[in-house]
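Have a look at the structure below before the remarks.
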Amino acid sequence: MRKILYSPGYGAGWTTWNSGKVAEIMLTYQPIIDAIENGDKMDETHPAVLEMVGYIKATMGKDSHVCVLGADDLEVYTTSSRVRISEYDGSESIEEEGSFDGWM
């Protein structure tokens, strides 16, 4: 089992508005998961979000692009499989591997 972050509200996607390694880090950044599970309200200035941005820039270069506009709508999702996150108008949805295997 693992916990991931996604932003289901409209406006800005959390991982889908980022790419590559940046999106991978944002998907499972534990301090943000912990903060949400402890009842914190996320936004672009929350200490855990700022810490994550600092971590990404320190490890991937100070010019790394990190979009955190979806922070105010973050939710934690628990899964035991690989996932694909889709986005429509900023609203992210999660599809688990093997959960849909044909047209209806």
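The values are calculated or read from the model by the stated rules, or taken from the named source; none is laboratory data. From a predicted model like this one, the values you see are computed outputs, not experimental measurements. FYI the Cβ positions are ideal-geometry reconstructions off the backbone, even for glycines, and counts take in every protein chain you see.
Here are the numbers for this structure:
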{"quantity": "Close pairs (7 angstrom Cβ cut-off, 6 or more residues apart or separate chains): more than 15 Å from residue 77 (Cα to Cα) and modelled with pLDDT under 95 in segment 1-27, surrounded by fewer than 17 Cβ atoms within 10 Å (Cβ to Cβ) and among the acidic types (Asp, Glu) anywhere", "calculated": "10/89"}
{"quantity": "Candidate set: segment 20-57, residues that are outside any helix (DSSP H, G or I) and under 11 Å from the mean Cα position of the chain (by Cα); chosen: the one surrounded by the fewest Cβ atoms within 10 Å (Cβ to Cβ)", "calculated": "28"}
{"quantity": "Residue list for segment 13-55, filter: touching a Phe, Trp or Tyr at 6+ places or on another chain (Cβ under 9 Å) and aliphatic (A, V, I, L, M)", "calculated": "23, 25, 26, 27, 48, 49, 52"}
{"quantity": "Flag if residue 66 is in a loop (DSSP other than H, G, I, E, B), within 14 Å of the chain's Cα centre (by Cα) and β-branched (Val, Ile, Thr)", "calculated": "yes"}
